[in-house]
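**Student:** A single structure is presented below for examination.
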Amino acid sequence: MTAVMTDEMQQMKTMIRNFVEKEVEPCAQQIEEEDAIPQHLVEQAKALGLFGISIPEQYGGIGLNTVEKANVLEQLGRTHNGFVSLISAHTGIGSTGLVKLASEYLKNKYLPDMAAGNKIAAFALSEPGAGSDATNLATRAEKKGDHWVMNGTKHFITNGPIADVFTVFALTDKEKGAKGGITAFLLEKDFPGLIIGKKDKKMGLRGSYTSQLIFEDCIIPDENVIGQVGMGYMSALKILGEGRVGLAARAVGSCDKLIELSAQYAKERIQFGKPIADNQAIQWMLADMATETEAARTLTMMAAEKIDEGKKVIKEASMAKLFASDVFNRVADKAVQIHGGMGYVSDYPVERFYRDARITKIYEGTNEIQRLIIARNVLQEA
Ligand SMILES: Cc1cc2nc3c(=O)[nH]c(=O)nc-3n(C[C@H](O)[C@H](O)[C@H](O)COP(=O)(O)OP(=O)(O)OC[C@H]3O[C@@H](n4cnc5c(N)ncnc54)[C@H](O)[C@@H]3O)c2cc1C
């Protein structure tokens, strides 16, 4: 790895670490109980510029590159994953299409409010019949004069119930399908014919909302096409590729926190007249947790660097997502084990991290799909 941490970036990391530890983590239990992010945390996140980390300065953001953004997400991963999900879905998959692929008109119209956190963004690809196979979209958009008419249903859309703007993918040419027949659109929540479904009840990620989006003859102005008509599937792959690196960085941050909590607990918990940390069985768990987390960090930062160098990164992004999410789940499992019964009750944060880890193996492409992508690339390269 060659990326050098600037003083400015180091300061930002410290600032976010303080925010996470002094402000967010003390509210974690409240978020769990109320299934809601306290508004004062959202306002603090706005003031810190967190909603604009991926948006260029000319549109009001702080325009971090991918390595810098991964460092920020790593720090945020140390706390409540539902809170982090609000920000990472907005700055990642919710914003990337506009930032990297949209017209100047769309960028000027939407990015400044998104950077300030005054408009929340979401990304809508998945459908009831199109999950892992995102080429199988049933949502259709038809051009009628100077606008498009969209019909269909998306589901599991993070930020769906609270978002103001949505990057939505629809079939625009059935014959061509994913090869030139899918288009990305920018929708506002008030566009006629867009209905937001009810909030899903989930295993974890409390405070982060997902829902269906239903399009009933939804009218979209032609200028709200993101990128070229027909190139939406390629756009989705690009957006998801970058998103996967962000997800991996968050997972690494969560692992760091779990290791700290577990080591601390192991030193304090006395059984058989000595700290449980004195037992080799506990030490080996901590050793594996720390080793795998460092490997995940290295893989993640390597993928982030490649994106910043403008290199093809699809394989590395999938590797980072696959490995970091698997490590997060293994680390969370060991953290619960080290905490014994205390790891199973919600008074201790490891119980929450354990539940929140599970989704990282499923969304932004399941880990089986990441393996397919990696294998396809390995076979092509051979
Ligand atoms: C909390 C949450 C937030 C989400 N946020 C968003 C969002 O913001 N935007 C969005 O568009 N989507 C979002 N999703 C959807 C998510 O990306 C999908 O759930 C995911 O891609 C898997 O699709 P699926 O649920 O339809 O599973 P399926 O595709 O039905 O897969 C079921 C199982 O079969 C396996 N499988 C499928 N095909 C293959 C294959 N060819 N080879 C081997 N195994 C296979 C899968 O790996 C999985 O284990 C979210 C989901 C959740 C739960």
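The values are calculated or read from the model by the stated rules, or taken from the named source; none is laboratory data. Given the structure is predicted, the values throughout are model-derived calculations rather than measurements. Reconstructed Cβ throughout: ideal geometry from the backbone, glycine too, with neighbour counts over all protein chains shown. The area values use the complete protein model at the heavy-atom level, side chains included, leaving out ligands, DNA and RNA. Shrake-Rupley method; radii C 1.70, N 1.55, O 1.52, S 1.80 Å.
**Student:** Quick check: at a probe of 1.4 Å, how many percent of the accessible area of the stretch 121-230 sits on carbon and sulfur atoms?
**Tutor:** The computed percentage sits at 49.
**Student:** For the charge dipole of the stretch 1-160, defined by +1 on Lys and Arg C-beta atoms and -1 on Asp and Glu C-beta atoms about the Cα centroid, which residue among THR66, THR153, VAL20 has the Cα displaced farthest towards the positive pole?
**Tutor:** THR153
**Student:** Give me the dipole magnitude in Debye, nearest 20, for the stretch 7-115 about the Cα centre, with unit charges on the beta carbon: positive for Lys and Arg, negative for Asp and Glu.
**Tutor:** Once rounded to the nearest 20, the dipole reads 400 debye.
**Student:** Hey, got the dipole for the chain? About the Cα centre, +1 on K and R Cβ, -1 on D and E Cβ, debye to the nearest 20?
**Tutor:** 680
**Student:** Counting Lys and Arg as +1 and Asp and Glu as -1, what is the net charge of the other residues whose Cβ lies under 15 Å from the Cβ of LYS238?
**Tutor:** For residues surrounding LYS238, the net value is +3.
**Student:** Using just the alpha carbons, could you tell me how many Å³ per residue the convex hull of the chain encloses?
**Tutor:** 139
**Student:** Taking only pairs that are 8 or more places apart or on different chains, how many Lys pairs in the stretch 223-382 have Cα atoms under 25 angstrom apart?
**Tutor:** 23
**Student:** For the chain, what does -39500 (n - 2.57) per DSSP helix run (n ≥ 4), summed and divided by total residues, give at 222 nm, in deg cm²/dmol to the nearest 500?
**Tutor:** The helix contribution divided over the chain gives -16000 deg cm²/dmol.
**Student:** Around GLN30, with a cut-off of 13 angstrom between Cβ atoms, what is the net charge of the other residues, counting Lys and Arg +1 and Asp and Glu -1?
**Tutor:** Summing Lys and Arg as +1 and Asp and Glu as -1 gives -4.
**Student:** Place a +1 charge on the Cβ of each Lys and Arg in the stretch 234-381 and a -1 charge on the Cβ of each Asp and Glu, then give the dipole magnitude about the Cα centre in debye, rounded to the nearest 20.
**Tutor:** Charge dipole of the stretch 234-381: 320 debye, to the nearest 20.
**Student:** Using only alpha carbon pairs under 8 Å that are at least six residues apart, calculate the relative contact order of the stretch 7-115 and give it in whole percent.
**Tutor:** 31
**Student:** Quick one: Cα centre-to-centre distance for the stretch 16-52 and the stretch 197-266, in angstrom?
**Tutor:** Their Cα centres are 18 Å away from one another.
**Student:** Given Cα positions, please report Rg to Rh for the stretch 234-381, the hydrodynamic radius being the Kirkwood one.
**Tutor:** Rg/Rh: 1.07.
**Student:** Could you please report the charge total around GLY49, scoring K, R as +1 and D, E as -1 over all other residues with beta-carbon less than 13 angstrom from its beta-carbon?
**Tutor:** The answer is -2.
**Student:** Still on this structure: In what sequence, highest mean first, do 48-54, 31-37, 305-311 appear when ranked by Cβ atoms within 10 angstrom?
**Tutor:** Highest-to-lowest ranking by the protection proxy: 48-54, 31-37, 305-311.
**Student:** On to the next question. Please compute the contact order of the chain in relative form: average sequence separation of alpha-carbon pairs under 8 Å and at least six residues apart, divided by the residue count, as a percent.
**Tutor:** Relative contact order for the chain comes out at 16 percent.
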